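The structure appears right after this line, and notes come after that.
The values are calculated or read from the model by the stated rules, or taken from the named source; none is laboratory data. Note that the coordinates shown come from a computational prediction; the quantities given were computed from them, not determined experimentally. Every residue, glycine as well, gets a Cβ built from its backbone with ideal geometry; the counts of neighbours run over all protein chains shown.
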């Protein structure tokens, strides 16, 4: 039986153990635990390595995003060999994909800085609370014997780990903005992989709110800057995927 370190990923372990008792498939739970643990190690390294108080202004989406998505792609490729593809049950979120507003005007004095910081944090919390009241989001449900259900469960466990690692850090404004950028980019690919969009949106928002709570000045990136950086990363990813597909085609020929 695969052994996990409960201190690092006890929540995922406890959840999948209980799910296994109901589904009667311990092997599936072991696999979910193993993959969730690998992702948790990746996220822990990302969020415990840098000095977030001295983080520089974000210029691009961090490479951990690519590694995270590669792990999930590997999961999808593995489980499709043994599990059937279920009926896609997207529970769509009404989120517009943005959890912050533009508040990054220059701060001229300490009083104005404190005011804008409080306003930024307040708007983040208000947006998040509004979503909580607007819809009841069920995060963890019974794991079904389908590729979509397994991938979705692993994504959820990974995002819960990410949330906890963020809450252990103290961030400066640039560090908060880097997390905002990375999370915003992740929204689209994660919701394409998962069958529960509402829960994914909720967990991503939880990361942003958690980062805001741990930030000395949670002033978000202005929307035009955020969009520009995300579009640049999207174009880069599309080009890489195109090159990989061309290479695979040539090898087959």
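Computed quantities for the displayed model
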{"read-out": "Which listed residue, of 143, 151, is modelled with pLDDT of 60 or more and within 16 Å of the chain's Cα centre (by Cα)", "value": "151"}
{"read-out": "Some residue of region 206-228 being touching a helix residue (DSSP H, G or I) at 6+ places or on another chain (Cβ under 7 Å), at pLDDT 95 or above and within 15 Å of residue 64 (Cα to Cα)", "value": "no"}
{"read-out": "Among the residues listed as 69, 43, 28, the single one being within 25 Å of residue 223 (Cα to Cα) and either at pLDDT 90 or above or assigned to a helix (DSSP H, G or I) (or both)", "value": "69"}
{"read-out": "Residue within region 179-190 that is over 29 Å from residue 216 (Cβ atoms) and modelled with pLDDT of 95 or more present", "value": "yes"}
{"read-out": "Condition check for residue 163: under 23 Å from residue 41 (Cα atoms) and in contact with a helix residue (DSSP H, G or I) (Cβ under 7 Å, 6 or more places away or on another chain)", "value": "yes"}
{"read-out": "Matching residues, region 1-25, being modelled with pLDDT of 50 or more and touching a helix residue (DSSP H, G or I) at 6+ places or on another chain (Cβ under 6 Å)", "value": "16"}
